[in-house]
Amino acid sequence: MAEQHPIQDIMRTTMENIKDMIDVNTIVGDAVETSEGKVIIPISRVSFGFVSGGGDYNITSNRGKETSANADTAEGSKLPFAGGTGAGVTVQPVAFLVVGKEQIRLLPVLYNNVVDRLVDAVPQLLNEVKGFMKNDEENIE
């Protein structure tokens, strides 16, 4: 069996650690039930970056003469390896899903524009129009 290169071990370890950090509960959080019977579910945006690098290198002294480690290389032994990895993860809350007995609402953390506000206000507006029409029908009779 061929021997693995050290960069493969670095990559495997890093990917396993990233996999442990991020799961579905990071994006759609655990539900919380309020005393009024509503269920609140947090929703987040998760992004991450990953970098890895390394390489074999020759060891030389200040005068350009090869050291004993490099001399062994000529006889078939491995070159020294240097490598490293880095990763970054951000978790940003985006919205809360509120599930009640009569309605389901998505409450964004930040309103980005007027369209978001209008879409959020439509159900309330429809309820008010229905109530107004019902009152008019009662007054007519």
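Readers should treat all values here as calculations from the given coordinates under stated rules, not as data from a laboratory. Predicted model, so just to flag it, every value in this text is computed and none were measured. Positions of Cβ are generated from backbone atoms using ideal geometry, with glycine treated the same way; all protein chains shown enter the neighbour counts.
Close contacts from region 16-27, counting a first residue that is over 10 Å from V46 (Cβ atoms) and a second that is among the aliphatic types (A, V, I, L, M), with Cβ to Cβ under 7 Å and a gap of 6+ residues or different chains, come to I18/A87.
Looking only at residues in region 28-60 that are polar (S, T, N, Q) and without any contact (Cβ under 8 Å) to a residue 40 or more places away in the chain, which one is farthest from P108 (Cα to Cα)? Ranking the candidates gives T60 first.
Suppose we keep only residues that are exposed (fewer than 11 other Cβ atoms within 10 Å of the Cβ) and over 11 Å from the mean Cα position of the chain (by Cα) within region 89-102. Which one would you say is farthest from I41 (Cα to Cα)? Among residues in region 89-102 that are exposed (fewer than 11 other Cβ atoms within 10 Å of the Cβ) and over 11 Å from the mean Cα position of the chain (by Cα), the one farthest from I41 (Cα to Cα) is E102.
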